[in-house]
Amino acid sequence: MTAGFREFEFDLPEALLSSLIEAFDQMEGAALTHDHLAGIPDAQGVYQLLLNDEIVYIGKTDSEAGLRRRLSRHAFTIQHRANLEVRHVSFKAVRVFVFTAMDLESQLIRHYRSKATVTWNNSGFGSNDPGRQRDWTAAKPASFDILYPIDLNQKISLGLSGRVKVSEVLQALRRELPYTLRIEGAGVKRLALHTDFDEPMVKLPAKHMSVGDLISIVVAVLPNGWQATALAGRIILYKEHVENYPSGRIIARS
């Protein structure tokens, strides 16, 4: 070794990972509710979701889709699910001011998988509507939608009562449901009305109704040929007569 000289290599990714793990392990989780998320910045960072204090999901977000926005989306997604008590879901989030080229999400998952199941990662949790072609694909037994299928018995308020156009009911349902209601001819962002929705009216009571009852009332006044089907993670409304949707249950037919 040359006098007065030495080499030193600092492993920044490993140091960052170790510091994040320590930060997470020292934190207490908070309930995944909009009240708790109000103070979270829309900034880049990493986060954990916990079910009954067990880590089930690890995610990372940049500043464009910040922590508050991403966690709020997850808080919405876990609503109206069978086998899942919302009050048992909590989160931990860490804002990270400097990201390296390392894949923090994968590294954290790898670390915690030695101690926890992290079952919601790679289960379809938080995914967008997979589209029409996937309606005939059987969901995997360990997928989020199979473990926690949508609950049609959940009551919902649309802010509507009396005689209302079918189109208004469907628009309100698409806006309020915490999962996809896909309708034949409808776009992702707006309802491109089928001509069969132009005239029918439904009578809604002032009290809250279950999602299943609302769908049945709507379909009952449509022209012949419409079918509402509950798949594991979404509802589809098409002009069809199909019996064999994997992981599907027919709600109503006109």
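Coordinate-derived values only; no laboratory data. Everything quoted here is computed from the prediction, not taken from an experiment. Note that each Cβ is placed from the backbone with ideal geometry, even for glycine, and that neighbours are counted across all protein chains shown.
What residues have an amide H closer than 5 Å to that of Arg249, excluding those fewer than 5 places away on the same chain, when H is modeled at 1.01 Å from N in the peptide plane?
When sequence neighbours closer than 5 places are left aside, the close amide H contacts are Ala230, Leu231.
Take the alpha carbon atoms of the stretch 1-63, find their center, do the same for the stretch 201-254, and report the distance between the two centers in whole angstrom.
Taking the Cα centre of each part, the stretch 1-63 and the stretch 201-254 sit 44 Å apart.
Would you mind finding the longest exposed-site-free stretch of the chain, with exposed chymotrypsin sites (Phe, Trp or Tyr not before Pro) meaning DSSP loop and at most 15 other Cβ atoms within 10 Å?
Within the chain, the longest run free of exposed chymotrypsin sites (Phe, Trp or Tyr not before Pro) spans 100-254.
In the neighborhood of Leu16, defined by Cβ-to-Cβ distances under 14 Å, what is the net charge if each Lys or Arg adds +1 and each Asp or Glu adds -1?
Summing Lys and Arg as +1 and Asp and Glu as -1 gives -3.
Within 10 Å of each candidate Cβ there may be at most 15 other Cβ atoms; applying that plus a DSSP loop requirement, which trypsin sites (Lys or Arg not before Pro) in the stretch 47-154 survive?
Those satisfying the criteria are Arg113, Lys115.
Determine the sum of side-chain charges near Lys92: Lys and Arg each +1, Asp and Glu each -1, restricted to other residues whose C-beta is under 10 angstrom from that of Lys92.
Around Lys92, the surrounding residues sum to -2.
According to the square roots a ≥ b ≥ c of the eigenvalues of the Cα gyration tensor, what is the shape class of the stretch 197-238, taking rounded for a/c under 1.5, prolate for a/b larger than b/c otherwise, and oblate for the remainder?
Numbers: a/c = 2.68, a/b = 1.08, b/c = 2.48.
Cα axes put the stretch 197-238 in the oblate bin.
Give the value in nm², to one decimal: projected area of the alpha carbon convex hull of the stretch 12-112, averaged over all directions.
6.3 nm²
Exposed loop sites here are GluC sites (Glu not before Pro) in DSSP loop states with at most 16 other C-beta atoms within 10 Å. What is the longest stretch of the chain lacking them? The partial results should precede the final answer.
Numbers: sites that count: Glu7, Glu9, Glu28, Glu64, Glu85, Glu184, Glu240, Glu243.
Value returned for the longest uninterrupted segment is 86-183.
How much mean residue ellipticity at 222 nm does the chain get from its helices, if each DSSP H run of length 4 or more adds -39500 (n - 2.57) and you divide by all residues, to the nearest 500 deg cm²/dmol?
Values: 7 runs with 64 residues, N = 254.
When only DSSP H runs of four or more count, the value is -7000 deg cm²/dmol.
So if the hydrodynamic radius of the stretch 132-253 is defined as the Kirkwood radius over C-alpha pairs, what does Stokes-Einstein give as its diffusion coefficient at 20 °C and 1.002 mPa s, in µm² per second?
For the chosen part, D equals 144 µm²/s.
Taking the Cβ of Gly131 as the center, what net charge do the other residues with Cβ under 11 Å away carry, scoring Lys and Arg +1 and Asp and Glu -1?
Net charge around Gly131: +2.
Over all directions, the average projected area of the alpha-carbon convex hull for the chain comes to how many nm²? Please list the in-between numbers first.
Values: hull surface 71.2 nm².
Convex hull of Cα atoms, orientation-averaged projection: 17.8 nm².
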